[in-house]
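Just below is one structure, and these are the notes that go with it.
The values are calculated or read from the model by the stated rules, or taken from the named source; none is laboratory data. Quantities reported herein were computed from a predicted structural model and do not represent experimental measurements. No Cβ is skipped: glycine too gets one built from the backbone with ideal geometry, and neighbour counts run over all protein chains shown. Just so you know, the surface numbers come from the protein's heavy atoms only, side chains and all, with ligands and any DNA or RNA stripped out. Shrake-Rupley method; radii C 1.70, N 1.55, O 1.52, S 1.80 Å.
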Amino acid sequence: MTSRITLISPAMNRSLRETRFDDGCPLDPGGAARAASVADSLRPADRALVSPTARCRETASALGLSAEVEPELAGLDMGRWRGLTLDEVMGREPDAVMGWLTDPDAAPHGGESVRGLCARAVRWLDAAGGFEGRTLAVVEQEFVRAVVIAVLGAPGSAFWRLDVAPLTATEVSGRGGRWNVRLGRELGGGGR
């Protein structure tokens, strides 16, 4: 049995542009329009899932997906840093930020650590591996990073070395717990 999963990163919004820890703000009009314009580039799927965040739900809607909200697909819980920009947090807690960026077990914000997110991604992948067919999931960039870390068996320290652009598809496929990954296909950019 082969499972195929396409992870779609959300369209642009103010939080992404400002390097702001998700504050629940909606997509920019341009981000929503861009998502709608690439909807026909999606491969057909047997099921569609979406992270509970506003930008992921709005991206799924703009892509024309009737997606089921899946709490396990949530982005990294940023605790008390939620809604702040990285620059704001650096100004207030520079040592905490540096520790967070260098130690995958650190969670100085009181939320989830990078290692915790990666463990959640592994659990989700294990469950998703039992679904035969194609799954399409609109998820936050950090969840895509966590899945790639899991698939490659990379150390948690590699998490911050992965860039995930808005409206790109990262595909994983496999069976029996062995996954392969295809990174960052731009939606609407051809190369189906």
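Rounded to the nearest 10 square angstrom, W160 shows an accessible area of 80 square angstrom against a 1.4 Å probe. Taking the 1.4 Å solvent-accessible surface of the range 6-104 as the whole, the part contributed by carbon and sulfur is 52%.
For the range 110-192, with only Lys/Arg (+1) and Asp/Glu (-1) charged at the beta-carbon, what is the dipole magnitude about the Cα centre, in debye rounded to 20?
About 240 debye.
For the chain, a Gaussian network of Cα nodes joined below 10 Å ranks D23, D87, D105 by mean-square fluctuation, and the top entry is D87.
Rounded to the nearest 20 debye, the dipole size of the chain about its Cα centre is 620 debye, using +1 on the Cβ of Lys and Arg and -1 on the Cβ of Asp and Glu.
Regarding the chain, what's the average projected area of the Cα-atom convex hull, expressed in nm²? All intermediate terms of the calculation are to be shown ahead of the outcome.
Details: hull surface 39.4 nm².
Reported value for the Cα convex hull: 9.8 nm².
Proximity of backbone amide H atoms, modeled 1.01 Å from N, is registered between D77 and E112 at under 5 Å, excluding neighbours fewer than 5 places apart on the same chain.
Here is what passes the span test in the chain: the DSSP H helices with alpha carbon length of 20 Å or more along the helix axis and a Kyte-Doolittle mean of -0.5 or above are 114-128. About the centre of its Cα atoms, the range 13-123 shows a dipole size close to 240 debye [charges on the beta carbon of Lys, Arg (+1) and Asp, Glu (-1) only; nearest 20 debye].
Take every Cα pair under 8 Å whose residues are at least 6 apart in sequence, average their separation, divide by the length of the range 1-159, and the relative contact order is 33 percent. Candidates C118, I149, M1 compared by Cα position along the dipole of the chain: farthest toward the positive end lies M1, with charges placed on Cβ.
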